[in-house]
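For reference, the structure is listed below as structure tokens.
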Amino acid sequence: MSAGRNTPLPPNATIGILGGGQLGRMTAMAAARLGYRCHVYDPADDSPGMQVSAARTVAGFEDRAALERFAHAVDVVTFEFENVPVASVELLSRLVPCRPGPHALSVCQDRLQEKRFLAEAGVSVAPWRAVTSRAELDEAVVALGLPAVLKTTRLGYDGRGQAVLRSAADLDAAWERLSPRPLILEAFVPFAMEVSAIAVRGVDGTTVTYDATENRHAHHILDLSFAPARVSEAVAAAAREHAARVAAALDLVGVMALELFVLPDGTLLGNEIAPRPHNSGHWTPEACRAGQFEQHARAVAGLPLGDTERRADAVMRNLVGPEGMARWPALVGAADVVVQLYGKAEARPGRKMGHANLLLPVGTLAGLPDAEIFAQI
Ligand SMILES: Nc1ncnc2c1ncn2[C@@H]1O[C@H](COP(=O)(O)OP(=O)(O)O)[C@@H](O)[C@H]1O
Ligand SMILES: [Mg+2]
């Protein structure tokens, strides 16, 4: 019952998901509604995804025997976590269709490859330099000026593995903290807003996008998303077009998010690609007929894609750590708010425990002052 190139998976087929976090959990829940079973593979037992799935494998991402058993137990493989080793996805892809495939994964795992790829796909990026030695850091600072952002090229998330350099005095400490890993120095982007655009690409290349989302971070972790982004129609359309173009250039099957900076004059600069459902798309299941998790399951299973039209305005708030959970009792009882928790036992600081979506009539968000929004979410 394996997925042929363009034949949809029949109901009751099994989707294998590498990674057991909340993105896998919500994908598994959406896939179940479509009649599929999910088999979650993660090194940690009782992960959020496993709690809602038909089957689980608890094993390391480099355990070849476990990967082979997993490949034989599922009909198609996807991932919800982009730091799965590419070699493991290559191994799986010789045994079972992997959507997205190893190439898309490898581009998104490395900030240098990602920056080159975005530029080739026609998405401008901030000036950057690769940094592999202390001397190269000095050269890069001369070339790009300060402030600038020094990042590890791999394995960064939620602002981990990066340092903002504001003056020459910051260089030594940042270098000490982040080296000897390969690094990238990026010019600091004086953005007016951060937005993201989510594209979904099916097995036949059909691509749909959601309305661009406006994102605000707190302590480098996504705090709030506003849909639609409060930008001009031209900027919103350009963000969606960029995401669709990048998904096609990656030959991606599934959901993909493109994070972008909006400059004060409306210019868009690409920041990161996530080849999977994204935190900034958490408003889509409640505001659209087909949310990002259902779309991911549809694309991976080879089904026709669903409708992305936004039927409500929405504000999504992440519930992070103990402070986030302190909001939960009020939010779970609010009429226009939909809350999800991820099943994580311990609310450690900085840990994403759940999220809440405030739903508003279409067209009303842009005119609402912050104080009125935050009185509700
Ligand atoms: N070059 C930059 N200029 C200004 N702000 C940046 C820059 N790079 C990152 N940031 C800020 O840090 C956040 C996290 O950086 P990002 O590259 O998206 O890494 P990750 O999301 O993997 O932690 C961004 O959303 C943005 O707010
Ligand atoms: Mg990011």
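The values are calculated or read from the model by the stated rules, or taken from the named source; none is laboratory data. Everything numeric here is computed off the predicted structure, so don't read it as measured data. Counting neighbours? That spans all protein chains shown, and the Cβs are built from the backbone with ideal geometry, glycine included. The accessibility values were calculated without ligands, DNA or RNA, using every heavy atom of the protein model including side chains. Shrake-Rupley method; radii C 1.70, N 1.55, O 1.52, S 1.80 Å.
Out of 99, 69, I need the residue that is among the basic types (Lys, Arg), surrounded by 17 or more Cβ atoms within 10 Å (Cβ to Cβ) and away from ligand 1 (no atom under 16 Å from the Cβ). Which one? Walk me through how you get there before you give the answer.
On the way: 69 fails: surrounded by 17 or more Cβ atoms within 10 Å (Cβ to Cβ).
Sole residue among the options that is among the basic types (Lys, Arg), surrounded by 17 or more Cβ atoms within 10 Å (Cβ to Cβ) and away from ligand 1 (no atom under 16 Å from the Cβ): 99.
Search the stretch 183-211 for residues being more than 15 Å from ligand 1 (Cβ to nearest atom) and not in a strand (DSSP E or B), and hand back the single one that is most open to solvent (accessible area, probe 1.4 Å).
Taking the candidates together, the pick is 204.
Inspect all residues belonging to the stretch 119-127 and state whether any of them is out of contact with any strand residue (DSSP E or B) (no Cβ under 6 Å at 6 or more places or on another chain) and either within 12 Å of ligand 1 (Cβ to nearest atom) or open to solvent by 70 Å² or more (accessible area, probe 1.4 Å) (or both).
Within the stretch 119-127, one or more residues are out of contact with any strand residue (DSSP E or B) (no Cβ under 6 Å at 6 or more places or on another chain) and either within 12 Å of ligand 1 (Cβ to nearest atom) or open to solvent by 70 Å² or more (accessible area, probe 1.4 Å) (or both).
Consider residue 260 against the criteria (1) more than 21 Å from residue 337 (Cα to Cα); (2) surrounded by fewer than 24 Cβ atoms within 10 Å (Cβ to Cβ): it satisfies all of them except one. Which criterion is unmet?
(2)
Only one of 305, 252, 258 is at pLDDT 95 or above, touching a helix residue (DSSP H, G or I) at 6+ places or on another chain (Cβ under 8 Å) and within 16 Å of ligand 1 (Cβ to nearest atom). Can you tell me which? Steps first, please.
Details: 305 fails: within 16 Å of ligand 1 (Cβ to nearest atom); 252 fails: within 16 Å of ligand 1 (Cβ to nearest atom).
One residue alone meets the criteria, 258.
Are there any pairs with C-beta distances below 7 angstrom linking a residue in the stretch 176-195 that is under 21 Å from residue 231 (Cβ atoms) to a residue that is in a helix (DSSP H, G or I) and more than 9 Å from ligand 1 (Cβ to nearest atom), with the two at least 6 apart or on different chains, and if so which?
What qualifies is 195/239.
With respect to residue 137, determine if the residue is surrounded by 20 or more Cβ atoms within 10 Å (Cβ to Cβ), under 29 Å from residue 32 (Cα atoms), of a type in the set (A, V, I, L, M) and more than 20 Å from the chain's Cα centre (by Cα).
Numbers: surrounded by 20 or more Cβ atoms within 10 Å (Cβ to Cβ): yes; under 29 Å from residue 32 (Cα atoms): no; of a type in the set (A, V, I, L, M): yes; more than 20 Å from the chain's Cα centre (by Cα): yes.
Considered against the rule, which asks whether it is surrounded by 20 or more Cβ atoms within 10 Å (Cβ to Cβ), under 29 Å from residue 32 (Cα atoms), of a type in the set (A, V, I, L, M) and more than 20 Å from the chain's Cα centre (by Cα), residue 137 comes out as no.
Any idea how many residues of the stretch 141-182 are closer than 12 Å to residue 129 by Cβ, within 15 Å of ligand 1 (Cβ to nearest atom) and not in a loop (DSSP other than H, G, I, E, B)?
Residues meeting the conditions: 7.
How many of the residues in the stretch 272-301 are open to solvent by 10 Å² or more (accessible area, probe 1.4 Å) and within 13 Å of ligand 2 (Cβ to nearest atom)?
Of the residues in the stretch 272-301, 4 are open to solvent by 10 Å² or more (accessible area, probe 1.4 Å) and within 13 Å of ligand 2 (Cβ to nearest atom).
Taking into account only those residues within the stretch 302-328 that are among the aliphatic types (A, V, I, L, M) and within 16 Å of ligand 2 (Cβ to nearest atom), which is farthest from residue 126 (Cα to Cα)?
If we take residues in the stretch 302-328 being among the aliphatic types (A, V, I, L, M) and within 16 Å of ligand 2 (Cβ to nearest atom), then 320 is farthest from residue 126 (Cα to Cα).
In this structure, does residue 96 turn out to be more than 16 Å from ligand 2 (Cβ to nearest atom), closer than 23 Å to residue 181 by Cα and either touching a His at 6+ places or on another chain (Cβ under 9 Å) or not in a helix (DSSP H, G or I) (or both)? First the steps, then the outcome.
Details: more than 16 Å from ligand 2 (Cβ to nearest atom): yes; closer than 23 Å to residue 181 by Cα: no; either touching a His at 6+ places or on another chain (Cβ under 9 Å) or not in a helix (DSSP H, G or I) (or both): yes.
Here the answer is no, as residue 96 does not meet what is asked.
Taking the stretch 23-35, which residues are touching a residue at least 40 places away in the same chain (Cβ under 8 Å) and surrounded by fewer than 24 Cβ atoms within 10 Å (Cβ to Cβ)? Before the answer, list the steps.
First pass over the stretch 23-35, keeping only residues touching a residue at least 40 places away in the same chain (Cβ under 8 Å): 23-27, 29-31, 33-34.
Those that are touching a residue at least 40 places away in the same chain (Cβ under 8 Å) and surrounded by fewer than 24 Cβ atoms within 10 Å (Cβ to Cβ): 29, 30, 33, 34.
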